[in-house]
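**Q** Handing you this structure, nothing more for now.
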């Protein structure tokens, strides 16, 4: 038990210095802890006062009792005779304070309780210190050293305290080991660590996958951004693989894209290196969504854009040979562009768009189970109407549509339900289908990306 020890003052000073805890808070915690221990041993009915004597470096405990003629309760009362042995001037109803000298050994259980109180108060005080230290740094980049790993989460030492970099906030391509230096975005600072859920005692939550990390890296690398001349208007990432940022300039003579790229690409390459090779497309921002999407889908060329303001949707038509490039590997390019704009983007080749202008093609797409990719294959095989689909040989349909027998039967049943009666004599024949789309969107998404898509 730390009560009455000559080293207490030195210990207090060291804790305050190492942890940055206010000395008065720590002394208050010790006094409360000792008070709890004394009450546990001597009973809660006693009026106890605990004080830390800074000169002596020890904790003093005083018991207060009321002076009475006849003592009925020794824990709260003292006789006038006994009181005057302590001080001849005591009178009835006075409060007599006595220093307890036999508190060095408060008992194992009481001492343990006191220890727990001290530890709890110290932790609360330390959390307050950490919160005050880092709350103004929330939303900035911090530097640290990888301390350890816990179930995939990374514990980062920031010097005064540890922070958590969750598993899902780590860039998948890079693996760190203990002792490595690391930079991350300080995403959240919590006053009460218990709110951190699975992160246990963590108050500081980091991220390397959020869009803000990318933006802050560019602010550090590009002076024009830090000065407010160039502004980052939006960002979208698939961490470790590809990202897009939109930039604008408040000065007409400053090229925002060039400023971010830097001389021979030096600025953007520094960011790419920090993100472990994540490719970054820097595009000019525009308030016009049609012009904006032209830039966002680069390096693909765009033939036409149809804007639907109410739905916040864009229909983008590209040359047939640009479809794969516009969509990107597994739809990555168009997906990032959609996130960057905050609009839904539907990319179609010129051939498919022309097909959609054909009433017969639209009738075919209206058949349940027939999407645009399947309609392309049917048109290429000369099947241009629901009637023709219903009349196809089952084996031929399976070959053309690339489906199993059950799916083929379902398609023909849906076509028969939708197909009008056979045309009477003299009615015009169905319109001949145009040539098949050379690069259907679904095939482009699944197929390999052209080399041009790898350009920055």
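The values are calculated or read from the model by the stated rules, or taken from the named source; none is laboratory data. These numbers were taken from a predicted model, which means no experiment stands behind them. Note that we place each Cβ from the backbone using ideal geometry, even for glycine, and neighbour counts take in every protein chain shown.
**Q** Looking at 236, 243, 202, 259, can you tell me which residue is surrounded by 15 or more Cβ atoms within 10 Å (Cβ to Cβ), farther than 24 Å from residue 298 by Cα and either assigned by TED's automatic domain parsing to the domain that holds residue 173 or touching a strand residue (DSSP E or B) at 6+ places or on another chain (Cβ under 6 Å) (or both)? Let's see the steps before the verdict.
**A** Numbers: 236 fails: farther than 24 Å from residue 298 by Cα; 243 fails: farther than 24 Å from residue 298 by Cα; 259 fails: farther than 24 Å from residue 298 by Cα.
Of 236, 243, 202, 259, the one residue that is surrounded by 15 or more Cβ atoms within 10 Å (Cβ to Cβ), farther than 24 Å from residue 298 by Cα and either assigned by TED's automatic domain parsing to the domain that holds residue 173 or touching a strand residue (DSSP E or B) at 6+ places or on another chain (Cβ under 6 Å) (or both) is 202.
**Q** Only one of these is part of a loop (DSSP other than H, G, I, E, B) and either touching a helix residue (DSSP H, G or I) at 6+ places or on another chain (Cβ under 9 Å) or under 23 Å from residue 331 (Cα atoms) (or both): 277, 228. Name it.
**A** It is 277.
**Q** Checking the conditions here, which among 390, 439, 410 is at pLDDT 85 or above and either part of a helix (DSSP H, G or I) or within 40 Å of the chain's Cα centre (by Cα) (or both)?
**A** Numbers: 390 fails: at pLDDT 85 or above; 439 fails: at pLDDT 85 or above.
Only one candidate qualifies: 410.
**Q** To continue, here is another question. List the helices (runs of 4 or more DSSP H) inside the stretch 1-89, counting only whole elements, that have at least 2 residues being at pLDDT below 80. Give the steps one after another, and end with the answer.
**A** Numbers: elements: 8-19, 23-42, 80-86.
Output list reads 8-19, 23-42.
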